[in-house]
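Laboratory data are not the source of any read-out in this text; all were calculated from the coordinates shown. Keep in mind that what you see is a predicted model, and the values were worked out from it rather than measured. Here Cβ is always computed from backbone atoms with ideal geometry, including for glycine, and neighbour counts include all displayed protein chains.
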Amino acid sequence: MTLVSLFFMFFKIGLFTFGGGYAMLPLISEEITRRGLLSAEELTNFVAVSESTPGPFAVNIATYVGLHTAGLAGSVCATLGVVLPSFIVILAVAHIYEKFRRSRVVAGIMSGLRPAVVGLLAAAAVGIAKTVFFQSGFVLSAALAASALIFALILYLSLKKVHPIKLIILSAGLGMAVMYTLSALGCA
Amino acid sequence: MNIRLDLFITFFKIGAFTFGGGYAMVPLIQEEAAARKGWISESDMPDILAISESTPGPIAINCATFVGYKAAGVTGSICATLGVVLPSFLIIALLGALLDRYRDLTPVKYAFFGIRAGVLALIVRALISMYKKCPKQRLSDVLNCKGAALFLAALPYALMCTAFALVMFAHLSSIAVLALCAGIGLLTYLYSLGRTEK
């Protein structure tokens, strides 16, 4: 993958994602896994890294994928690519922001985009659930049950508003405890 | 201090201390850019958020560009945006190299086995809160509507399901789905305005 195509891939991702945080995930996972830049499993791993480090997810994933595929120059190109669309659009809008804010066209488009983003994220979550619950290389039954339990516990705690970083540390600990136990028992 | 340097440093700090990005930054921007530096007024904040949400790209970048522009024009926006991006960039460039080197070690593999299940939970959590924040009527109220009102009230739910199904089963690209839903949203919004104005 050349630096130019890395730049344009992330430019496209930056241009077509609305809303914060995980709104970017569907498009990113589509572009990145389709081109084989990261596996679905590597992408899920990276979401955890991104949650535990400062800054927007989009910038983190762009830097990482760029680095992974084309070294430091790649990470610069990918990051610039993901940032530029926001930058250009905001500069354009900043002049006319009173008008933009009251625009019926913008309100109408957003009324369609908001629900769409929810549907897209749900589809991305299903994709990630497949890689979490059906990982190759592990004995299915025991590891599957362990994954399901960790998932349920972390979801419960996150709905109780426990901080994401604590939850990632906890799930890392649980993962190690489970997998060392399973391998000691000879079933992993 | 030079205002451009000040913008860069302030947004570098904001970028370095917001984990999870996006909305986590809003209170910090409010405190630093509005209360302490006076680059924007407190009452600008809701507008800035609304615009950041309805323009493409991460909210953090959008806010930084906007505040930078308000404070010192185009060069100000460049300084603020660079500032907010740089901490993530540096940390990930460092961590990414470490991750690629050590990911095949057994303890790391085992830890990520648990982490992936945890991340899925965080994504489901984000999905739930995005669903809640999406403007719509309650499902029980929707079922009481009739005719055109029923169509308008049911639309957000219909768009969610359509977007999900088109990507999941018809394997359409996200961009095509977004464009389609934006078009439907625009048409029905203008139609509903026409109805209320009549």
Criterion (farther than 28 Å from residue B:168 by Cβ, touching a Leu at 6+ places or on another chain (Cβ under 7 Å) and part of a helix (DSSP H, G or I)) met by exactly one of A:105, A:132, A:93:
A:105
Only one of A:63, A:79 is out of contact with any strand residue (DSSP E or B) (no Cβ under 8 Å at 6 or more places or on another chain), of a type in the set (Ser, Thr, Tyr), in a helix (DSSP H, G or I) and more than 30 Å from residue B:46 (Cβ to Cβ), namely A:63
Every pair of residues 6+ apart whose Cβ atoms lie under 6 Å, when the first sits in the range B:139-150 and is under 20 Å from residue B:194 (Cα atoms) while the second is among the hydrophobic types (A, V, I, L, M, F, W, C)
B:145/B:153
Being surrounded by 17 or more Cβ atoms within 10 Å (Cβ to Cβ) and part of a helix (DSSP H, G or I) narrows it down to one residue among B:78, B:40, B:9; which is it?
B:78
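Rundown of residues vs (1) among the acidic types (Asp, Glu); (2) within 18 Å of residue B:92 (Cα to Cα), yes/no style:
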position: A:15; (1), (2): no, no
position: A:31; (1), (2): yes, no
position: A:35; (1), (2): no, no
position: A:38; (1), (2): no, yes
Just one of (1) within 7 Å of chain B (Cβ to nearest Cβ); (2) surrounded by fewer than 18 Cβ atoms within 10 Å (Cβ to Cβ); (3) of a type in the set (Gly, Ala, Ser) trips up residue A:184, so point out which.
(1)
If you take the residues in the range A:1-54 that are within 20 Å of residue B:51 (Cα to Cα) and not in a helix (DSSP H, G or I), which one is nearest to the other protein chains (Cβ to nearest Cβ)?
A:20
Looking only at the range A:65-86, decide whether some residue is in contact (Cβ under 8 Å) with a residue 40 or more places away in the chain, polar (S, T, N, Q) and closer than 25 Å to residue B:72 by Cα.
yes
